[in-house]
Amino acid sequence: MNHQSADRPSPAKVTYNAFGLPVSTEFDDIYFTNENGLAESQYVFIQHNDLEKRWQTHSYTTFTIAETGFGTGLNFLACWAAFQKHAPPQLRLHFISFEKHPLTAADLELALNHFPELADEAAALLHAYPAPHYGCHRMQFCQGRVVLDLWFGDIHQQLPQWLPHAQQTVDAWFLDGFAPDKNPQMWQPSIYAAMAQSCRNNATFATFTAAGAVRRDLQAAGFTVNKAKGFRHKREMLYGHRLAPTKTPRIANKHVTVVGGGIAAACAAWSLSRRGYRVNLFTTGIADGASGNAQGAVYPLLHAELSPLTQFFLSAFDHARQFYQQVAPAQWHETGVVQLAFNSTREQRHEKIIAADIYSPATVKGLSADETQQLWSHLPAMPSLYYPKAGWVPPHQLVEQILGACAETVTLTAIDPITDIQTDADGWQLSTTTGQKLHATTLIVAAGAGLEQLLKPWQMTFQNVRGQVTQVKANEVSEQCPVVVCYKGYFTPAQDGTHCVGATYARKFDSEQFAQPTAQDTAENLATLHDNLNSNWTGQLEPIADRASLRNTTRDHLPACGWLTPSLGVLGGLGSRGFTSAPLCAELLVGQWLQEPLPLSADLISRLAPQRLQADLT
């Protein structure tokens with residue numbers, strides 16, 4: 001088995017028929033009918049799940065659809081277009097789809113060009129389309145009103161990772177994919193059993209096929225199955241529903257308190273506000289901690305093996321860049337990030353990553369010394385790793401814009417630092433340094449370096465690490481730098497005539513004086529840049545400002561994201577990659593609280609649980 005098939009999904013093999021429509025060579029089957037693929041999708045899946053009528057009377061805030069076989073995304077786009085036209089404005093759409101062989105972006109674009117009436121939705125999907133890596137890729141559209149979870153990989157392997165957090169959540173199933181006689185390995189009883197477990201009461205399904213085995217297996221799983229006239233020349237199709245006991249939805253308090261003011265708190269507030277919740281944000285200041293640097297890089301953390309850390313960052317990175325494109329496009333700078341092999345150890349590490357052939361070139365590419373200099377001639381002639389879709393953000397402006405997008409649903413309450421959290425009759429009591437007592441019913445702590453103190457009663461083991469970033473004045477050469485340059489530190493493209501050079505990493509520091517920049521750290525940042533890049537222009541940079549803050553880290557470098565109690569959530573331990581991990585962590589945390597289908601595998605979710613950081617008290 002080669003690395004491609006072992007470590008990432010093999011792409012769909014596609015040819016085009018006489019009508020210019022895509023055909024799977026592996027399954028010898030069309031992706032959609034030659035006659036009118038959109039009309040078939042509307043007839044089979046939208047009409048026979050009775051979606052337009054059900055959206056009007058739906059008793060939940062989100063309507064959830066799950067699908068076997070994403071293919072060209074036509075069903076999703078048709079559903080999205082119909083939802084925007086027919087659903088009440090307060091309803092959200094959550095669409096979940098599984099795909100074993102993802103189409104390349106180029107093939108996807110060719111296929112969707114046949115549907116000009118879906119051009120806007122197709123363009124948004126193509127812009128967000130993730131790199132082909134196993135697991136869930138969450139995309140958000142229409143400012144979070146439409147959510148797509150795209151699970152890449154064999155559905156029989158992905159369903160067990162999705163289902164534990166999707167019990168009794170789905171309102172409609174689209175049974176698609178290639179025909180049962182062409183793709184029999186997908187149409188198995190285990191699929192219908194998983195469908196049954198995921199269904200809310202009176203959930204529906206529809207499928208283009210009327211195969212007897214499909215009908216019998218659906219009935220065996222508890223579905224009432226009906227036949228209808230198939231689309232146009234097709235004789236019959238199946239549709240139906242399932243009656244099942246449904247768990248009572250949590251009557252969640254419509255007001256949630258979030259403690260913090262950085263990217264984690266802002267993303268938590270945004271995820272809550274999209275779902276109709278009001279947020280009281282207790283903060284000592286907006287982006288005044290580790291989120292306060294002038295520029296922050298956004299790129300994944302990759303290893304030569306597909307570790308849980310790497311799997312998390314693949315999903316988190318794709319989500320972050322798409323989230324920033326959606327919510328704050330002016331603050332997202334997709335410049336690419338280049339990691340230089342500035343010594344033999346780093347070069348060997350890069351070579352192992354490329355040789356492993358785990359990652360799509362859309363995520364990372366290995367560059368020769370000449371290719372590195374083709375990115376920018378003033379880079380040193382060194383091999384490198386290049387992340388073409390990575391980039392940087394201005395943290396303070398980004399955090400403010402995310403909070404601004406929440407509008408009146410978020411109330412900012414300026415407070416003195418919180419010293420401790422205790423239970424009270426209504427939930428939680430928070431005490432500040434000035435003796436003020438604050439109250440919260442549901443509480444999310446996303447306070448960065450403050451977590452170490454605030455979560456002491458739960459014996460949590462975080463570590464704060466001091467970092468100092470130096471701003472330098474752009475010179476004639478440096479202002480042309482087009483990419484984020486990473487070495488032992490990092491160097492950002494110019495913003496308003498300055499660059500960021502970072503960052504020191506000190507596990508031991510004076511807890512009273514940590515925010516005071518030191519000349520020694522300024523010198524260290526500049527020396528590391530000059531030594532690692534060994535270029536004339538790096539020695540001519542003039543430092544003009546410094547900023548020191550604390551990163552909140554965990555021993556395994558994974559975030560802490562989850563609920564310590566049913567009403568106390570934790571979002572922290574983001575380290576130096578908070579702008580990559582915070583958007584997905586916020587979606588996960590809020591989704592857990594509201595018992596929604598989640599955007600990560602069950603295995604990864606358990607690894608992020610904050611309980612893993614509790615000291616062993618036995």
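The values are calculated or read from the model by the stated rules, or taken from the named source; none is laboratory data. Because the structure is predicted, anything quoted here is derived from the model rather than measured. Ideal geometry is used to build each Cβ from the backbone, glycine not excepted, and the neighbour counts take in all protein chains shown. Heavy atoms of the whole protein, side chains included, go into the accessibility calculation; ligands, DNA and RNA do not. Shrake-Rupley method; radii C 1.70, N 1.55, O 1.52, S 1.80 Å.
How would Thr470, Thr498 rank on accessible area, largest to smallest, probe 1.4 Å?
Thr498, Thr470
Mind jotting down the distance between the C-alpha centroids of the stretch 533-584 and the stretch 262-330, whole Å?
10 Å
In debye, nearest 20, what is the charge dipole magnitude of the chain about its Cα centre with +1 on Lys and Arg Cβ and -1 on Asp and Glu Cβ, if you could check?
Using only the charged Cβ atoms, the result is roughly 1600 debye.
Checking the cross-link filter: which lysines have an alpha carbon closer than 24 Å to that of Lys53, excluding same-chain neighbours under 8 positions apart?
Lys85, Lys227, Lys229, Lys247
Can you bin the chain into rounded, prolate or oblate? Criterion: square roots of the alpha carbon gyration tensor eigenvalues sorted a ≥ b ≥ c, rounded for a/c under 1.5, prolate for a/b above b/c, oblate for the rest.
Because a/c hits 1.5 or more and a/b fails to exceed b/c, the chain counts as oblate.
Just to be sure I understand: of the beta bridges DSSP finds with both ends in the chain, what percent are antiparallel, rounded to 5?
For the chain, the DSSP antiparallel bridge percentage is about 65.
For the chain, what does -39500 (n - 2.57) per DSSP helix run (n ≥ 4), summed and divided by total residues, give at 222 nm, in deg cm²/dmol to the nearest 500?
-8500 deg cm²/dmol, from helical runs alone.
Rounded to the nearest Å, what's the spacing between the alpha carbon centres of the stretch 137-196 and the stretch 449-524? Just the number, please.
For the stretch 137-196 versus the stretch 449-524, the Cα centre distance is 42 Å.
Heavy atoms of the protein only, probe of 1.4 Å, neighbouring chains included. What is the accessible area of Glu347 in Å², nearest 10?
70 Å²
Cut-off under 20 Å on the C-alpha distance; same-chain residues fewer than 8 positions from Lys437 excluded. Which lysines are left, in chain and number order?
Output for Lys437: Lys456.
Sort the stretch 182-339 into rounded, prolate or oblate with this rule: let a ≥ b ≥ c be the square roots of the eigenvalues of the Cα gyration tensor; rounded if a/c is under 1.5, and if a/c is not under 1.5, prolate when a/b is larger than b/c, oblate otherwise.
Verdict is prolate for the stretch 182-339.
In terms of the Cα gyration tensor, with a ≥ b ≥ c the square roots of its eigenvalues, is the stretch 76-189 rounded because a/c is under 1.5, prolate because a/b exceeds b/c, or oblate?
oblate
Between Ala515 and Gln90, take the C-beta separation as r, use R0 = 56 Å, and let me know the FRET efficiency to the nearest 0.05.
Efficiency at R0 = 56 Å is approximately 0.80.
Between Glu351 and Ser377, what is 0.36 nm times their sequence separation minus the Cα-Cα distance? Round to one decimal in nm.
So the chain would gain 7.1 nm between Glu351 and Ser377.
Leaving ligands and nucleic acids out of the surface, order Asp107, Asp416 by accessible area at 1.4 Å, largest first.
Of Asp107, Asp416, the descending order of accessible area is Asp416, Asp107.
Roughly how many nanometres apart are two label points built 7 Å out from the Cα toward the Cβ at Ala304 and Asn536?
Each label point lies 7 Å from its Cα, and together they span 3.7 nm.
Pop a pseudo-label 7 angstrom from the Cα along the beta-carbon direction at both Asp496 and Lys53 and give the gap in nm to one decimal.
5.8 nm
Take each uninterrupted DSSP H stretch in the chain, measure its Cα extent along the helix axis, and return the ones at 20 Å or beyond whose mean Kyte-Doolittle hydropathy is at least 1.6.
The answer is none, since no helix passes both cut-offs.
Where a Cα-Cα gap under 15 Å defines reach, which aspartates and glutamates qualify for Lys182, not counting those fewer than 8 residues away within the same chain?
Hits, sequence-local ones excluded: Glu26, Asp28, Asp29.
Using a 1.4 Å probe and ignoring any ligands, DNA or RNA, find the accessible area of Lys234 and quote it in Å² to the nearest 10.
60 Å²
What FRET efficiency do you get for Asn201 and Ala179 if R0 is 25 Å and r is their Cβ-Cβ distance, rounded to the nearest 0.05?
So the FRET efficiency works out to roughly 0.25.
Farthest toward the dipole's positive end in the chain, which of Val445, Leu93, Thr57, given Cβ charges of +1 (Lys, Arg) and -1 (Asp, Glu) about the Cα centre?
Thr57
Heads up, I need the accessible area for Glu99: 1.4 angstrom probe, whole protein in place, Å², nearest 10.
20 Å²
Quick one: dipole size for the stretch 290-441, taken about the Cα centre, charges +1 on Lys/Arg Cβ and -1 on Asp/Glu Cβ, in debye to the nearest 20.
320 debye
To the nearest 20 debye, what is the magnitude of the charge dipole of the stretch 451-600 about its Cα centre, counting +1 on the Cβ of each Lys and Arg and -1 on the Cβ of each Asp and Glu?
440 debye
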